[in-house]
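Each value in this text was obtained by applying a stated rule to the coordinates, not by laboratory testing. Here the structure is a predicted model, which means the values were calculated and not measured. Note that we place each Cβ from the backbone using ideal geometry, even for glycine, and neighbour counts take in every protein chain shown.
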Amino acid sequence: MLRALSLFATTFLLVPALLAGGPVTWGFEAVTGADGQVQVLLKATCEEGWHIYALTLPRDDGPLPTAIRVGSSESYESGAVVEQTPEAAYDPNFEMDLRFHSDTSVFTVPLKRLKTGPLTVTGEVEYMACNDKTCLPPKVVPFSVTVP
């Protein structure tokens, strides 16, 4: 009976988060600097108590790191993704030190233009959201931004 109540409570708490899009929202934009350098900004906003993981983690037997994949194009070449400095803490659930982002964080993808004129940058973010009690399944969010 206790097991059934626990399953019901967990389902009751997680279903609203899944239906509402989850505890993490993403925003995407492209900015062009005065020097013509283009940067795609991927902004993650986590609800209080939730976090996503850094781009690299110390081991492969824990949570999934955040992955940002930019589509290829003849119009641009993407550089290495840069993340804000993540928080670091020991996680007893995974029994390891982990690096993660909570609140709001920005990931930046530098682009090198290969052609003149407007371009559209496409890609996807794959991330795993966790709090101190549970982790949600990994989620993939596609993005598309236009650079004038």
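Put +1 on the Cβ of every Lys and Arg and -1 on every Asp and Glu Cβ in the chain; which of 122, 34, 46 then has its Cα farthest towards the positive end of the dipole?
The listed residue farthest towards the positive side: 122.
Return a single number: how many Lys pairs in the stretch 22-147, at a sequence separation of 8 or more or on separate chains, have alpha-carbon atoms below 28 angstrom apart.
Values: 43/112; 43/115; 43/133; 43/139.
Lysine pairs meeting the criterion: 4.
When the Cα atoms of the chain are enclosed in a convex hull and the volume is divided per residue, what value in Å³ results?
Details: hull volume 18.0 nm³, N = 148.
About 122 Å³ per residue, rounded to a whole number.
At what distance in nm do the modelled label points of residue 97 and residue 45 sit from each other, each positioned 7 Å from its Cα along Cα→Cβ?
3.3
Using the Karplus equation 6.51 cos²θ - 1.76 cosθ + 1.60 (θ = phi - 60°), what ³J(HN,Hα) coupling, rounded to whole Hz, does each residue of the stretch 114-123 give in order, writing x for Gly and Pro?
Couplings: 10, 9, 7, x, x, 9, 10, 9, 10, x Hz.
What three numbers, in Å, describe the spread of the alpha carbons of the stretch 19-94 along their principal axes, ordered from the longest?
45, 30, 23
In deg cm²/dmol, rounded to 500, what helix-only [θ] at 222 nm does the chain give when every DSSP H run of at least 4 residues adds -39500 (n - 2.57) and the total is split over its residues?
Numbers: 1 runs with 18 residues, N = 148.
Here the helix-only value at 222 nm equals -4000 deg cm²/dmol.
If you fit an axis through the alpha-carbon atoms of helix 2-19 and take the longest principal axis of the Cα set of the chain, what angle between them do you get, 0 to 90°, nearest 10?
Compared with the principal axis, the helix lies near 20 degrees.
Relative contact order for the stretch 12-127: what percent, with Cα pairs under 8 Å and sequence separation of 6 or more?
Over the stretch 12-127, the number comes to 31 percent.
Which ordering of 46, 135 is given by a fewest-first count of other beta-carbon atoms within 10 Å? Don't skip to the end; give the middle numbers.
Details: 46 22, 135 15.
The order, fewest Cβ neighbours first, is 135, 46.
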